[in-house]
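Here the structure is laid out as structure tokens; the discussion comes afterwards.
The numbers here are math on the coordinates, done by the rules we state, and not lab data. All values reported here derive from a predicted model rather than from experimental measurement. All Cβ positions, even for glycine, are placed from backbone atoms using ideal geometry, and neighbour counts span all protein chains on display.
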Ligand code: FES
């Protein structure tokens, strides 16, 4: 779980604290409150779990236990370049788990985590609708079909080149 908040996130968290102080302490509101937090921050940081636990008079582990039961909640911020590896049936039979492992090894994080610089995150997803291209990975909005372990390195090299070009264009302005 990522526990370093940006200044923007700290400000949103203060807002959330205000929101909680004006909300009922009815435990049936736990899921809607977690949904609200995720809608504001795009994930559920530990600090917000502590706030929610205090609000509903629960232990933080209890709130985390409830939240982690649902796939809809994530506990790490999405990376600037989110990597999504399809683990649907067609991709799975074509070795998608090996592709996932290669991304994990390359980025030194596990599925569900985000790199410390928040550049990349990895998650597994269900069928993304292009089974003919299995195995499939998505990087941001771009679809990479017929993935192979050897293609993982190439994807990151391309991102690096794009970043350098972007930095050069900015410095020329
Ligand atoms: S199973 Fe991966 S795209 Fe359908």
Residue-averaged 222 nm ellipticity for the chain, from DSSP H runs of 4+ at -39500 (n - 2.57), nearest 500: -16000 deg cm²/dmol
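Tally the DSSP beta bridges in the stretch 1-141 and give the antiparallel ones as a percent, rounded to 5.
Working: 4 of 10 bridges.
Roughly 40 percent of the DSSP beta bridges within the stretch 1-141 come out antiparallel.
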The stretch 7-69 - convex hull of alpha carbons, volume per residue in Å³: 71
What whole number of Å gives the distance from the Cα centroid of the stretch 87-117 to the Cα centroid of the stretch 1-57? 29
Return 111, 62, 9 ranked ascending by Cβ neighbour count within 10 Å, so the fewest neighbours appear first. 62, 111, 9
Principal-axis tilt of helix 7-21 within the chain, Cα atoms, nearest 10 degrees: 40
Rounding to the nearest 10 and keeping the result within 0 to 90°, find how far the Cα-based axis of helix 60-69 lies from the longest principal axis of the chain. 50
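Rank by packing, highest mean first: peptides 31-40, 66-75, with packing defined as the count of other Cβ atoms within 10 Å averaged across residues. Please list the in-between numbers first.
Working: 31-40: 16.1, 66-75: 14.1.
In descending order of packing, they fall as 31-40, 66-75.
At 20 °C and a viscosity of 1.002 mPa s, what translational diffusion coefficient does Stokes-Einstein give for the stretch 81-172, taking Rh as the Kirkwood radius over Cα pairs? Give it in µm²/s as a whole number. Could the numbers behind the result be given before it?
Numbers: Rh = 13.5 Å.
Approximately 158 µm²/s, per Stokes-Einstein.
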Cα principal axis extents for the stretch 1-120, largest first, Å: 50, 30, 20
